[in-house]
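First comes the structure, then the notes that go with it.
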Amino acid sequence: MLTIFSSAKPFLRQDGIRQRNALRSWTLLDPNCEVILFGDVPGASEVAAELGIHHVKDVLRSKRGNVRLDDMFSRAQQIARHDLLCYANCDIILLNCFLRAVAAAGQWSKRFLLVGQRWDMPMEEPIDFNTDWEINLRKQALRAGRLQVRGAVDYFVFRRGTYHDLPPFVIGRICWDHWLVWKARSTNIPVIDASEDVLAIHQNHDHLYCIGGLDGVRADVESQHNLVLAGGLRHLYTITHATHKLVRGDIKERPGRWHVPLTFFVGTYTNQFWYWALKKTLPLRHLLGLRRGRAFSQAFERFRSMLGD
């Protein structure tokens, strides 16, 4: 069986609703599924007691108060009841198709990393788990949701011992998730893309926890430090770089699976140039009324799609 662990933002207002939805969905995967919540943010103790999940209050944090990835991963692998573990962001709803994918990967190999794309959808209300919630939610996600790009990695399934001596990355900032994919590839651990079989639902939210919103998260000093800890852009892989894929319960090799495509490097450095260009042209865009950069963003997304990112 599986141990799922995560950390959370304070359980306040909409964040509280979304995180309760996610945690509750994890507990309903299987009676033997273990859930561990790290951190003592407001409301965490109460929610953990309500849902019957393991709460680890003390966890190392950065100087700015954000959870340290290395401490959480290390302790999760030490205390987990099961050898299969999953880190998932605390706003991701997991359905039974996820557990089937984990079982397939676990039977296929002793060493693997399972990742997959997420489906973004708005969700502002608590889920009524006393109904056919999973069937209804799946229909809603396929109808009104949006499949996110392969650069968004929100869950990682692996065996105990896969990750050790991690850099002191900070959760809630960028780069650490892509580094985890690179780390598996760099040690010849197969990376399985479960996107076709797993519908993982990400509940849309803002980024008000960081000044400047999403752009502020990317530019934040701790994000930049994460990039340094990762060893630079060349160590940031995405779901695109999976060596295998899960299709209808079968794990298949991807053509050229051990080759890192040139488009990865082109796309990575293009991203950096694009953010630099947006910053430099900010006064002009404001003058022209393009405050949100919508036209620029749409053009860039089209360009990225041409590169296969």
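The values are calculated or read from the model by the stated rules, or taken from the named source; none is laboratory data. These numbers were taken from a predicted model, which means no experiment stands behind them. Positions of Cβ are generated from backbone atoms using ideal geometry, with glycine treated the same way; all protein chains shown enter the neighbour counts. The accessibility values were calculated without ligands, DNA or RNA, using every heavy atom of the protein model including side chains. Shrake-Rupley method; radii C 1.70, N 1.55, O 1.52, S 1.80 Å.
Brief remarks follow.
- Of all the listed residues (Leu142, Leu95, Leu99, Leu114), the sole one being of a type in the set (A, V, I, L, M), at pLDDT below 95 and under 24 Å from Lys245 (Cβ atoms) is Leu142.
Results for (1) polar (S, T, N, Q); (2) within 30 Å of Gln14 (Cβ to Cβ), shown as yes or no for each residue.
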{"site": "Val170", "(1), (2)": "no, yes"}
{"site": "Trp176", "(1), (2)": "no, yes"}
{"site": "Trp182", "(1), (2)": "no, no"}
{"site": "Asn188", "(1), (2)": "yes, no"}
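- Total residues in the stretch 41-75, condition at pLDDT below 95 and of a type in the set (D, E, K, R): 3
- Taking the criterion of being within 25 Å of Arg173 (Cβ to Cβ) and in contact with a helix residue (DSSP H, G or I) (Cβ under 6 Å, 6 or more places away or on another chain), the residues of the stretch 86-102 that qualify are Cys90, Asp91, Ile92, Ile93, Leu94.
- Within the stretch 169-178, restricting attention to residues that are assigned to a loop (DSSP other than H, G, I, E, B) and open to solvent by less than 50 Å² (accessible area, probe 1.4 Å), the residue that is modelled with the highest pLDDT is Phe169.
- Scanning the stretch 57-70 for residues that are under 26 Å from Phe98 (Cα atoms) and acidic (Asp, Glu) yields one hit, Asp70.
- Some residue of the stretch 133-150 being touching a helix residue (DSSP H, G or I) at 6+ places or on another chain (Cβ under 8 Å) and either of a type in the set (Lys, Arg) or surrounded by 20 or more Cβ atoms within 10 Å (Cβ to Cβ) (or both): yes
- Here is the figure for the stretch 79-93: residues that are more than 15 Å from the chain's Cα centre (by Cα) and assigned to a strand (DSSP E or B) total 1.
- Taken as a whole, the structure leaves Val181 outside the set of residues that are modelled with pLDDT of 95 or more, part of a loop (DSSP other than H, G, I, E, B) and open to solvent by less than 10 Å² (accessible area, probe 1.4 Å).
- Listing of strands (runs of 3 or more DSSP E) fully contained in the stretch 1-78 that carry 2 or more residues being crowded, with 19+ Cβ neighbours inside 10 Å, of a type in the set (A, V, I, L, M, F, W, C) and touching a Ser or Thr at 6+ places or on another chain (Cβ under 6 Å): 34-38
- Matching residues in the stretch 126-162 - criterion: being part of a loop (DSSP other than H, G, I, E, B) and of a type in the set (D, E, K, R): Asp128, Asp132, Arg150, Asp154, Arg160
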